[in-house]
1. Does the range 52-66 hold any residues that are part of a loop (DSSP other than H, G, I, E, B) and surrounded by 14 or more Cβ atoms within 10 Å (Cβ to Cβ), and which are they?
2. Of the residues that sit in the range 77-110 and are under 13 Å from ILE135 (Cα atoms) and of a type in the set (A, V, I, L, M, F, W, C), which one is surrounded by the fewest Cβ atoms within 10 Å (Cβ to Cβ)?
3. Name the residue, out of VAL72, VAL51, VAL9, VAL65, that is closer than 30 Å to ASP88 by Cα, in contact with a strand residue (DSSP E or B) (Cβ under 9 Å, 6 or more places away or on another chain) and either at pLDDT below 80 or among the β-branched types (Val, Ile, Thr) (or both).
4. Take the range 26-67 and flag every residue that is in contact (Cβ under 8 Å) with a residue 12 or more places away in the chain, over 20 Å from TRP159 (Cα atoms) and not basic (Lys, Arg).
5. Taking THR79 and the conditions (1) farther than 18 Å from LEU2 by Cβ; (2) assigned by TED's automatic domain parsing to the domain that holds ASN16, which numbered condition does it fall short on, given that it satisfies the others?
6. In the list PHE162, PHE151, which residue meets the criterion of being in a helix (DSSP H, G or I), within 30 Å of ALA15 (Cβ to Cβ) and at pLDDT below 95?
7. Residues being under 16 Å from LYS122 (Cα atoms) and among the aliphatic types (A, V, I, L, M): count how many of those fall in the range 59-101.
Amino acid sequence: MLFQGHAQVVHNDEANNFFTHDFEAWKDFSSEAPDDEMIHTVKARIRVPQVIVLMLFDRLPKKEVKFTRHNVFERDKNTCQYCHKVFDRKDLNLDHVFPRDRGGQTTWENVVCSCIPCNSRKANRLPHEAGLQLIKKPKRPKWRPFINLTFPSPHHESWKHFIDFAYWNVELGE
């Protein structure tokens with residue numbers, strides 16, 4: 001990516017001043033690096049970059065949240081969507097709001113988390129027919145509910161400016 005001009009190397013000096021280098025500038029800068037930080041090409045020795053910045057960026061691919069039992073529980077926060085109580089997952093079921101035997105499909109928009117007593121009470125009826133009401137209408141999540149970002153300590157000191165855990169988890173003011 002660096003050679004093709006799609007990225008530049010980000011390097012900081014002892015005073016934490018940051019500089020970017022294209023391939024040619026990085027190749028020149030590499031001449032002063034210790035041998036254990038180098039890669040060898042046929043014609044040159046180049047220092048291995050620790051941090052790069054992309055110069056061309058289209059977008060991240062849009063990925064849909066997979067429809068799984070685990071993800072439905074995450075979306076609904078382990079809460080029965082009828083009685084509003086939080087349960088251990090072993091005490092929860094998935095319920096088709098519009099029953100399958102009436103043509104209901106297994107989709108994000110038709111499946112909710114329910115406790116065993118509420119699921120038994122509802123059976124193969126619509127919620128209002130069983131005297132139940134949904135907390136909220138089920139829908140496909142636009143985000144990945146199961147992602148829990150954790151950042152290990154940086155492998156390289158130069159990474160700490162870019163992947164500091166606290167930076168990404170500080171609540172922003174209004």
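The values are calculated or read from the model by the stated rules, or taken from the named source; none is laboratory data. All of these numbers come straight from a predicted model, not from anything done at the bench. In this analysis, Cβ positions are derived from the backbone assuming ideal geometry, glycine residues included, and neighbour counts consider all displayed protein chains.
1. First pass over the range 52-66, keeping only residues part of a loop (DSSP other than H, G, I, E, B): 55-66.
Once the filter is applied, which keeps residues that are part of a loop (DSSP other than H, G, I, E, B) and surrounded by 14 or more Cβ atoms within 10 Å (Cβ to Cβ), the range 52-66 yields MET55, VAL65.
2. So, considering only residues that are under 13 Å from ILE135 (Cα atoms) and of a type in the set (A, V, I, L, M, F, W, C), the one surrounded by the fewest Cβ atoms within 10 Å (Cβ to Cβ) is VAL86.
3. Numbers: VAL51 fails: closer than 30 Å to ASP88 by Cα; VAL9 fails: closer than 30 Å to ASP88 by Cα; VAL65 fails: in contact with a strand residue (DSSP E or B) (Cβ under 9 Å, 6 or more places away or on another chain).
Only one candidate qualifies: VAL72.
4. Listed by number, the residues that qualify are SER31, ALA44, LEU56, GLU64, VAL65, PHE67.
5. Looking at each condition in turn, THR79 falls short on (2).
6. Selected residue: PHE162, the only one of PHE162, PHE151 that is in a helix (DSSP H, G or I), within 30 Å of ALA15 (Cβ to Cβ) and at pLDDT below 95.
7. The qualifying residues number 3.
Yes/no matrix, rows are residues, columns are (1) loosely packed, with under 13 Cβ neighbours inside 10 Å; (2) of a type in the set (Asp, Glu); (3) in a helix (DSSP H, G or I):
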residue	(1), (2), (3)
ALA25	no, no, yes
ASP28	yes, yes, yes
LYS43	yes, no, no
GLN50	no, no, no
